[in-house]
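Enquirer: Encoded as C-alpha cells, here's the structure I'll be asking about.
The values are calculated or read from the model by the stated rules, or taken from the named source; none is laboratory data. Bear in mind that the values here come from a model prediction, so they are computed numbers and not experimental data. Here Cβ is always computed from backbone atoms with ideal geometry, including for glycine, and neighbour counts include all displayed protein chains.
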Amino acid sequence: MAATHKPWRATVLTLFPEMFPGPLGVSLAGKALALGLWALEARDIRDSATDRHRSVDDTPAGGGPGMVLRADVLAAAIDAADIASGQPETRPNNRPRLLMSPRGRPLSQSQVMELAAGPGPLIVCGRFEGVDQRVITARGLEEVSIGDYVLSGGEIAAMALIDACVRLLPGVMGKPASGADESFSEGLLEYPQYTRPQEFEGQPIPETLTSGDHAKIAAWRRAEAEALTRARRPDLWAAKNGGQKPPKDTTKG
Ligand code: SAH
C-alpha cells in the first residue's frame, strides 16, 4: 500500500518505555501495528535528564510525601519528541498533548473518536505524586483521566486510551459497522450478546434473536439497550434525553 500520509501515531513519554507496546502488541491493536495502520513511539523521559545522576524527580515544594516529576526535564522530553518528529503535521505541537491524570476530564467515547480522527496524540505518563504544575501550563498539557481511582503511573491509562482509539482506525476492525453499534456510540450501553450453543445451563438464547426477523431483532436490541442504560447509568440516560436529570432528582422544579 502506497501511504501518502503518515499513519495515526501515538507518542508516549514515560519513565518505563519497556512497558510498550505490551498489551498493544497483541490481538487487534498488535496486528494493526504490525501492518503499519498505526505507529507507536515510546520515549524515555530520563533521556532528557541533565545531571549526572539522570534524576527526573525531586521532593514536593511545601513538603509532603513522595516525589514530583521535574518541569524542566519533562519540558525537555516534550521538546525532544517534537524535534524528533519528522513531518510538521505530526509534530507534537500540532497534535493533542495529553497528560494522563486522575484530575483530568474523564475520557469518553466521543473524545476517543475525536482523537482517532486526528494525527494521534502525544501522551505524558506521570509517576510518583505527579508532575510539576508549571510544565502542564507551559506546554499546554490537557489532563485526561480514565476514572475516579488512582493508578501508580500513567502508562496503563495511556494504553487504555490508545487501545480505544486504535480500534476505531480505518482497517483495524473487521467490519466498519462494529464501532457504530456499541456502548456509548448513541449514548446507550450495548444490548446483551449471545452465541452458540442454543442452550447453556438451561438458558436458551432469547427467541427473538433466532427468529430471523431483522426488524424485530433491532427493536429488541434497542429496548434492551435502553432498559440497561436506564437501570445502570441514569447519568447517561439523562444526558441522552436532553440533559434533564433522572426523575428522582427533579423535585426542586
Ligand atoms: N498524587 C496524584 C496521583 C499521582 S498517581 C493525585 O492525587 O492526583 C501517578 C500518576 O499516575 C499520575 O501522574 C498519572 O499520570 C497516573 N494516573 C493515576 N491515576 C490515573 C487516572 N485515574 N487516570 C489517568 N492517569 C492516572
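For every residue, the table says whether it meets (1) touching a His at 6+ places or on another chain (Cβ under 7 Å); (2) surrounded by 12 or more Cβ atoms within 10 Å (Cβ to Cβ); (3) under 26 Å from S110 (Cβ atoms).
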position: E207; (1), (2), (3): no, no, no
position: H214; (1), (2), (3): no, no, no
position: I217; (1), (2), (3): no, yes, no
position: E226; (1), (2), (3): no, yes, yes
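Enquirer: Have a look at L107, L161, L141, L99 and point out the one that is more than 9 Å from the ligand (Cβ to nearest atom) and crowded, with 17+ Cβ neighbours inside 10 Å.
Expert: When all the criteria are applied, what remains is L141.
Enquirer: Show the residue pairs meeting these rules: Cβ distance below 9 Å; 6+ apart or different chains; first residue within the stretch 31-55 and under 15 Å from A10 (Cβ atoms); second residue surrounded by fewer than 15 Cβ atoms within 10 Å (Cβ to Cβ) and of a type in the set (D, E).
Expert: So the pair list comes out as A42/E18.
This table checks each residue for (1) within 30 Å of R127 (Cβ to Cβ); (2) in a loop (DSSP other than H, G, I, E, B); (3) modelled with pLDDT of 95 or more.
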{"position": "V144", "(1), (2), (3)": "yes, no, yes"}
{"position": "A177", "(1), (2), (3)": "no, no, no"}
{"position": "Y191", "(1), (2), (3)": "no, yes, yes"}
{"position": "G212", "(1), (2), (3)": "no, yes, yes"}
{"position": "A227", "(1), (2), (3)": "no, no, yes"}
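This table checks each residue for (1) of a type in the set (D, E); (2) in a loop (DSSP other than H, G, I, E, B).
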{"position": "L13", "(1), (2)": "no, no"}
{"position": "P23", "(1), (2)": "no, no"}
{"position": "A29", "(1), (2)": "no, no"}
{"position": "D51", "(1), (2)": "yes, yes"}
{"position": "P60", "(1), (2)": "no, yes"}
{"position": "G63", "(1), (2)": "no, yes"}
{"position": "A76", "(1), (2)": "no, no"}
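Enquirer: What's the number of the condition L122 fails, among (1) within 13 Å of the ligand (Cβ to nearest atom); (2) within 20 Å of W8 (Cβ to Cβ)?
Expert: It fails just one condition, (1).
Enquirer: Considering only the stretch 9-43, state which residues are surrounded by 16 or more Cβ atoms within 10 Å (Cβ to Cβ) and over 13 Å from D163 (Cβ atoms). Outline the logic, then answer.
Expert: To start, the set of residues in the stretch 9-43 that are surrounded by 16 or more Cβ atoms within 10 Å (Cβ to Cβ) comprises 9-17, 19-21, 24, 29, 32-33, 37-38, 40-43.
Answer for the stretch 9-43, where residues must be surrounded by 16 or more Cβ atoms within 10 Å (Cβ to Cβ) and over 13 Å from D163 (Cβ atoms): R9, T11, L13, T14, L15, F16, P17, M19, L37, E41, A42, R43.
Enquirer: Looking at E186, E182, E201, which one is on the phi > 0 side of the Ramachandran plot and more than 16 Å from the ligand (Cβ to nearest atom)?
Expert: One residue alone meets the criteria, E201.
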